[in-house]
Every structure is written in C-alpha cells, then in structure tokens.
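Student: First the structure, which I've put down as structure tokens, then a few questions once you've had a look.
The values are calculated or read from the model by the stated rules, or taken from the named source; none is laboratory data. Source: prediction; values computed, not measured. Here Cβ is always computed from backbone atoms with ideal geometry, including for glycine, and neighbour counts include all displayed protein chains.
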Amino acid sequence: MGPAWRCSIRRSPGSSPCTGTGRPDPHPGGDIMHKKISQQLVRASAALLALSITAAGAFAPAGQAQAREMKIATIAASNSPWDHAMRAFAEEAARQSQNELQVHVYTDGQLGDISKILSSMQLGTLDMGYFGLGSVVFLRGAQPLNILYAPYLFKSGEQAERIINSDEFAQIFDDVAKKSGVRVFAAFGIRSPRALQTVSRPINKPEDVKGLKLRIPAIPILKSTFEKLGAQVVPLGMTEIYTALGRGMIDGQDNGFDLSIPLRFHEEAKYWAATDHAYELTGWFISERVWQGLDARQRQALTEAAKAGGKVATRLDQELDDNAVKLLKEAGVTYTQPDKAAFKAALATVYQQYEGKDWPAGMVERIQKMQE
C-alpha cells in the first residue's frame with residue numbers, strides 16, 4: 001500500500017503532473033484552472049493519507065504495536081526455580097501484551113550482584129530484577145521493609161504472601177519507589193524457609209552458632225539476629241560463597257534450599273540445620289523510570305505475568321523442598337532439625353531496636369495478630 005501512495009503523490013523524472021506514470025498528459029499544457037485543481041487534489045490526497053495513518057495507529061490492535069524489549073536479571077543459577085519463574089514471567093508478559101512486551105532473562109549474576117542490579121534499575125539502565133523481596137532493604141527509604149526478616153515473624157510462607165500483599169505493605173512499597181527509584185510491583189513466589197548450612201559442625205541449639213563465621217546478607221536485622229547468637233557475620237556476594245566455604249574463609253551460610261542446592265553449596269558444607277528462622281517471598285522489581293513510562297495496560301500485563309511466574313516459583317520451590325533432604329543425605333550432608341522454640345526464645349527481643357525507627361511502632365504486633 002505504501003509504494004502505491006507514494007507513486008500517486010510524488011512525481012517520477014519525466015512524468016507529467018499528477019499522473020506519476022511517465023506517460024504524456026492527455027491535455028498537454030492544460031489551462032491554469034486544470035493545474036490548480038490538480039494541485040488541490042494532490043494536497044487533499046496527502047492530507048487524507050496522513051489522517052488515515054494517524055487513525056490506523058490510534059485504533060490498531062495492541063498486538064500490532066511496536067515491541068518493547070526489556071531485561072530482567074537475577075543472581076540465581078540457570079535452571080533454578082527462579083530461572084524457570086522468570087521465563088514463565090517473560091512468556092506471560094508477551095501473552096498478556098499481545099507480544100508488545102518482550103522480556104529477556106539474565107541469570108547467574110550476568111548483570112551483576114543484587115547491589116549492581118538495584119543501582120542499574122535506579123539509573124534506568126536495567127528494566128527489572130528478580131530476587132528475595134527482602135533485598136529491597138538495600139534501597140534508600142526502604143528501612144520499614146527490614147521487618148521482613150524479623151526472626152520467626154511469619155508462621156509460614158503462605159501467611160507471609162497473604163500479609164505482604166495486604167494494605168499493610170502497599171503504601172510502604174509505593175513510598176520506597178518514590179524515594180529510591182526502584183518499585184516492587186509484585187510480591188509473588190513463596191521461597192524455601194531460611195536455614196543454616198555449616199562446614200564443620202551441626203547446629204542443634206542456639207549455643208552451637210556461637211563463634212562461627214557466617215556469610216549473612218547485608219540486611220540489618222539478619223545481621224543483628226546472628227550477632228545475637230554470637231556469630232561473626234561476614235559480608236560476601238552470592239557468587240563468592242562456594243569458594244569461601246571451600247577455602248575456610250567462612251564456616252557457613254544462611255539461605256534456603258532454593259538458592260543453596262542449585263549453587264551446590266552442599267559440596268563444601270556438609271551440615272544443614274532447618275532453623276526456618278525466616279519465611280520470605282520473591283520480589284518483582286522494576287525501575288521507577290521504566291514503570292512511569294508504561295501505560296496502564298502494560299503495567300497490568302507485567303503484574304499478571306508476575307503472578308504467573310510466582311506460581312511457578314512456589315511450585316518448583318516446593319518440589320525442591322520435598323526432594324531436598326533426600327538429595328542432601330545422598331550427598332553426605334547431615335540434616336538436623338534444631339529446637340526452633342529455643343531459637344525463637346533466644347531471638348525474641350532482636351526486633352525491638354528497630355521498632356518505631358525502621359518500621360512503625362506496633363507493626364510486629366499487628367502482623368502477629370493477623371496470623372492468629
């Protein structure tokens with residue numbers, strides 16, 4: 001259609017006015033009125049063409065819109081539950097947007113560690129990130145979300161997902177986006193509960209943690225939790241843990257099955273203690289600059305895609321959890337179930353130093369009541 005329109009409007013060399021055919025005008029040297037009418041017809045045709053193109057763009061089906069390429073990054077290994085969740089997210093985002101949103105997945109820290117991924121989103125050079133929701137505490141203005149790691153705050157992953165997606169947290173996520181430049185646009189995907197994995201000795205009671213050098217995420221309340229138990233906290237990136245375990249730089253680390261098993265930490269750390277000291281979700285993060293550049297339909301497509309990806313993450317994490325103990329034992333790992341009541345009692349006051357400072361006073365109590 002395009003070439004035909006151009007031919008009708010533009011003249012080719014040697015063509016006569018308005019015909020654009022290269023054939024002689026049937027009325028050579030026609031009168032002035034004829035020329036004026038011809039020129040008016042050309043202008044009218046051009047105007048009609050412009051109008052038709054504009055109208056077509058305004059009413060074209062969404063699937064015919066120009067594709068928008070987006071990137072989403074994580075620190076998790078390829079073929080891990082997070083990898084599969086992100087790929088399900090990408091597929092559903094394309095389906096929901098009629099192929100307008102094309103999401104490319106980057107695993108294994110290809111685009112940097114969590115800190116790098118977050119800073120890239122703040123700059124608007126990376127669209128999205130996917131990892132533990134609590135990682136948001138690294139952002140400016142996100143101190144209230146430190147509460148996500150308060151020891152034994154949530155009774156289960158299901159309770160955590162229900163409460164975190166309630167109004168109790170909605171305003172906090174919005175405030176963080178405005179202050180930091182990174183938005184949590186969805187929080188779906190129940191993770192494996194956090195546990196302790198050690199190299200040289202089992203953990204059965206709180207006293208067993210004393211003196212150990214443990215890699216703990218740089219999350220204030222998690223750091224306080226293990227310092228309360230007498231551990232020496234060592235900050236390391238996820239990609240450094242395996243080597244640090246093997247070289248004796250650390251005595252252990254704190255994570256769930258979902259990250260520890262795909263990264264093969266059990267090859268170096270032969271003791272697993274199911275402390276279940278924190279339940280958390282995976283968070284779907286997006287650059288606030290990118291989010292503000294999306295229309296309502298695109299935002300909804302990403303949110304629905306996150307729900308779909310979260311379901312995949314939850315299912316695969318559960319499957320991994322169901323098989324994890326057998327896998328660990330086959331790898332020569334000693335699996336223990338410590339006295340959780342003793343750990344809970346030992347850590348009962350850890351959150352108090354943050355109450356009314358990092359998060360609103362009374363928030364812990366409200367969350368506890370929501371689970372009664």
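Student: Does Leu302 satisfy the condition of being buried (at least 19 other Cβ atoms within 10 Å of the Cβ), closer than 30 Å to Thr125 by Cβ and touching a Pro at 6+ places or on another chain (Cβ under 6 Å)?
Tutor: No; evaluated as a whole, the condition is false for this residue.
Student: For the list (1) aromatic (Phe, Trp, Tyr); (2) out of contact with any helix residue (DSSP H, G or I) (no Cβ under 7 Å at 6 or more places or on another chain); (3) assigned by TED's automatic domain parsing to the domain that holds Lys116, I need the number of the one condition that Tyr271 fails.
Tutor: Among (1) aromatic (Phe, Trp, Tyr); (2) out of contact with any helix residue (DSSP H, G or I) (no Cβ under 7 Å at 6 or more places or on another chain); (3) assigned by TED's automatic domain parsing to the domain that holds Lys116, the lone unmet condition for Tyr271 is (3).
Student: Is it the case that some residue within the stretch 311-331 is in contact with a Gly (Cβ under 7 Å, 6 or more places away or on another chain), assigned to a helix (DSSP H, G or I) and buried (at least 19 other Cβ atoms within 10 Å of the Cβ)?
Tutor: Yes, some residue in the stretch 311-331 is in contact with a Gly (Cβ under 7 Å, 6 or more places away or on another chain), assigned to a helix (DSSP H, G or I) and buried (at least 19 other Cβ atoms within 10 Å of the Cβ).
Student: Looking at the stretch 289-308, which of its residues are without any contact (Cβ under 8 Å) to a residue 40 or more places away in the chain and among the small types (Gly, Ala, Ser)?
Tutor: Gly293, Ala296
Student: On to the next question. I want to confirm something. Restricting to the stretch 108-161 and keeping residues that are basic (Lys, Arg) and more than 15 Å from Ala73 (Cα to Cα), which single residue is modelled with the lowest pLDDT?
Tutor: Arg140
Student: Condition first: of a type in the set (Asp, Glu) and within 19 Å of Ile114 (Cα to Cα). Now tell me which residues in the stretch 285-299 satisfy that.
Tutor: Glu288
Student: Also: Would you mind telling me which numbered condition in (1) farther than 22 Å from Glu161 by Cα; (2) within 27 Å of the chain's Cα centre (by Cα); (3) not in a helix (DSSP H, G or I) Arg289 fails?
Tutor: Tallying (1) farther than 22 Å from Glu161 by Cα; (2) within 27 Å of the chain's Cα centre (by Cα); (3) not in a helix (DSSP H, G or I), Arg289 fails exactly one: (3).
Student: Let me ask you something else. Do you know which residues across the stretch 309-344 are among the basic types (Lys, Arg) and in contact (Cβ under 8 Å) with a residue 60 or more places away in the chain?
Tutor: Hits for the stretch 309-344 are Lys311, Lys340, Lys344.
Student: Of the conditions (1) acidic (Asp, Glu); (2) in the same structural domain as Ile117 (by TED's automatic domain parsing); (3) surrounded by fewer than 19 Cβ atoms within 10 Å (Cβ to Cβ), Glu161 clears all except one; give me its number.
Tutor: (3)
Student: Something else about it: Only one of these is on the phi < 0 side of the Ramachandran plot and touching a Ser or Thr at 6+ places or on another chain (Cβ under 7 Å): Leu316, Leu347. Name it.
Tutor: Criteria check complete, one pass: Leu347.
Student: Counting residues that are under 18 Å from Arg201 (Cβ atoms), among the polar types (S, T, N, Q) and at pLDDT 95 or above, which strands (runs of 3 or more DSSP E) fully inside the stretch 222-275 reach at least 1?
Tutor: Qualifying strands (runs of 3 or more DSSP E): 232-234, 252-255.
Student: Shifting gears a bit: So which pairs qualify, if the first residue must be in the stretch 90-107 and at positive phi, the second must be assigned to a helix (DSSP H, G or I) and surrounded by fewer than 15 Cβ atoms within 10 Å (Cβ to Cβ), the Cβ gap must be under 6 Å, and the two must be at least 6 apart or on different chains?
Tutor: Gln98/Ala62; Gln98/Gly63; Asn99/Gly63
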